[in-house]
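Everything below concerns the one structure shown next.
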Amino acid sequence: SAIHVTQAGSYCDPIKVRTSDEVGQLTSAFNEMMEGLRQRDFIRDTFGRYVTKEVVDELLDTSDGLKLGGEVREVTIMFIDIRGFTPLCKQLGPDQVIAILNSYLSRMSTIIGKYKGTINEFIGDAILTFFGAPVKFGDSPARAVACALAMQLSMEEVNRENRNRGLPSLSMGIGINTGDVIVGNIGSEERAKYGIVGHHINLASRVEGMTVGGQILITPSTYEQIKDGVITRAVHPVKFKGVEEKIDLYDVIGINSPYNLMLPDQTTGSFPLKKPIPVTLHRMKGKKETSSEMKARLTQFSHPRATLEGSDRIDPLQEVRIDLTE
């Protein structure tokens with residue numbers, strides 16, 4: 001049996017202990033060793049593709065903080081998405097789409113691993129990640145925000161490589177939320193994964209949907225735990241469907257020690273146009289117009305901002321479509 005376990009990795013059923021002498025004690029010790037090895041292999045197989053080697057090693061060395069079944073646990077959820085990727089795909093060939101997507105996801109996965117996040121799944125160009133499971137961290141909100149900042153900072157190099165390969169530049173938005181979810185092994189014997197379930201995931205996704213490229217928005221449940229160390233640019237009260245009161249979303253641009261990460265200043269003004277350009281605005285929700293058209297003038301423009309002058313008020317973070325009328 002020992003040869004099968006050590007050489008072939010084959011775990012047989014526990015050997016029956018028939019005596020209480022040295023042979024019986026040795027048999028019991030062997031059974032315990034075999035069960036321990038079986039659990040270690042299960043942990044490696046279960047988490048090896050979702051988290052870094054360091055997290056797996058920490059799981060193997062942790063006597064508590066891990067429950068392989070389902071449990072309620074507070075985690076910080078991060079939803080990442082490339083802005084405007086769907087229309088971008090229409091301009092590229094299939095090989096280009098796969099190349100740009102694989103390169104982007106590979107780099108983001110490496111950064112997530114560095115900050116010990118768990119990748120729940122890839123959804124096209126989006127990534128759902130959480131912090132605080134399977135290993136409990138007391139600083140999950142700070143770790144998630146630091147990870148988000150590192151990811152945004154890495155986009156400069158991502159886009160430099162894209163330009164060198166003749167591919168377009170990308171920008172991404174990140175939404176972060178903290179709350180109680182159910183974590184555990186989800187699926188069947190044939191197909192299973194370690195993941196999370198709960199409405200806080202949906203909220204993180206909706207927060208990400210409010211972002212523009214290069215932006216990180218976090219909910220109050222995340223902000224309150226790291227407010228002494230996080231640096232924000234603004235606070236946006238937002239009304240979500242199905243939620244009675246507005247939720248303050250904090251626009252994060254930096255975090256203090258021990259991470260010391262800061263996004264570059266993008267508050268510089270745009271360039272005035274010699275001749276304003278007439279445009280038509282449509283309030284949008286997803287891909288549908290939600291109001292009649294509004295007339296306005298484009299008076300200043302630069303990357304990544306513009307200034308429009310019009311008579312109608314537009315709420316902060318309102319999605320709009322701008323049509324050039326000339």
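Please label the shape of the stretch 66-168 as rounded, prolate or oblate, based on the square roots a ≥ b ≥ c of the eigenvalues of the alpha-carbon gyration tensor (a/c under 1.5 means rounded; beyond that, a/b larger than b/c means prolate, else oblate).
Details: a/c = 2.94, a/b = 2.03, b/c = 1.45.
In terms of gyration-tensor shape, prolate.
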Rolling a 1.4 angstrom probe over the protein heavy atoms, how many square angstrom per residue are accessible across the stretch 170-326?
61 Å²
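Give the ranking of Glu208, Glu71, Glu289 by solvent-accessible surface, highest area first, calculated with a 1.4 Å probe. Display every interim value, and only then the final one.
Values: Glu208 10, Glu71 35, Glu289 95 Å².
So the residues, ranked largest to smallest area, are Glu289, Glu71, Glu208.
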Residue pairs, from the table Lys90/Lys241; Lys136/Lys193; Lys239/Lys274; Lys193/Lys246; Lys114/Lys193, whose Cα atoms sit over 28 Å apart
Lys90/Lys241; Lys239/Lys274; Lys193/Lys246
Cα gyration tensor category, rounded, prolate or oblate, for the stretch 127-196 with a/c compared to 1.5
oblate
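What percentage of the solvent-accessible surface of the stretch 180-230, computed with a 1.4 Å probe over protein heavy atoms, is contributed by carbon and sulfur atoms? Each step should come with its number before you reach the end.
On the way: 1290 of 2540 Å².
Carbon plus sulfur share of accessible area: 51 percent.
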Roll a 1.4 Å probe over the protein heavy atoms and report the accessible area of Arg107 in Å², nearest 10.
60 Å²
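The values are calculated or read from the model by the stated rules, or taken from the named source; none is laboratory data. As the structure is a computational prediction, the values presented were derived from the model and not from experiment. Protein only, heavy atoms only, side chains kept; ligands, DNA and RNA dropped before computing areas. Shrake-Rupley method; radii C 1.70, N 1.55, O 1.52, S 1.80 Å.
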